[in-house]
Amino acid sequence: MTDEPSTQARQRSALPLLVAIVALIVAGGGLWMSYNNAKTISATQHRAAVAPPPDPAIEQIKQTLASVQETVQGIQAEQQRQAERVGDAQQKASAQQGEQKLISDQLGTLSARVNSLESARAESPAQTPQPAPAPQRRTKR
């Protein structure tokens, strides 16, 4: 029976040691994971901070895009000029139509006056036109 108390004493003294070892293992694992996590974040930040070298194809695409944008702007400016020219032509055509209508109205009025004068002349036969004086003959000298 003397063995039993010493076995229990050993188990009691081993239990705190076992708990301490498990705690050290858990703490070490946690430190190791946080170190790896920090190393991964640092590497990602370093890759993000260091700009990759410019790709010549990307530069060529940028130049082509700038050229296309300039061409589109030129086309838009030309469309604007053409629209202004069409507007001017429409205004001139409108003005010419107005002038033609005015001339047509004036011609109609003049025609009506001539017709009224002719009808007035035809209605007054009482007045006979005076004969024109006979032309004088010239004598030769």
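Quick notes on this structure:
- Local electrostatic count, Gly98, Cβ distance below 15 Å [Lys/Arg +1, Asp/Glu -1]: 0
- Local net charge near Val86, Cβ-Cβ under 15 Å (Lys/Arg +1, Asp/Glu -1): 0
- Rounded FRET efficiency, nearest 0.05, which uses the C-beta distance separating Ala95 from Gln73 and R0 of 30 Å: 0.35
- Vicinal HN-Hα couplings computed from phi for segment 76-81 (Karplus, 6.51 cos²θ - 1.76 cosθ + 1.60; Hz; Gly/Pro x): 5, 5, 5, 4, 5, 5
- Length gained on full extension, Leu65 to Glu118: 11.2 nm, using 0.36 nm per residue less the C-alpha separation.
- Neighbour net charge for Thr64 - beta-carbon separation under 15 angstrom, K R +1, D E -1: -2
- Furthest towards positive pole of dipole, Gln97, Gly74, Thr40, structure part segment 15-105, Cβ charges: Thr40
- For Val26, the solvent-accessible surface computed with a 1.4 Å probe is close to 100 Å², ligands and nucleic acids excluded.
The values are calculated or read from the model by the stated rules, or taken from the named source; none is laboratory data. Because the structure is predicted, anything quoted here is derived from the model rather than measured. Backbone-built Cβ (ideal geometry, glycine too); neighbour counts: all protein chains shown. Accessible surface areas use protein heavy atoms only, side chains included; no ligands, DNA or RNA. Shrake-Rupley method; radii C 1.70, N 1.55, O 1.52, S 1.80 Å.
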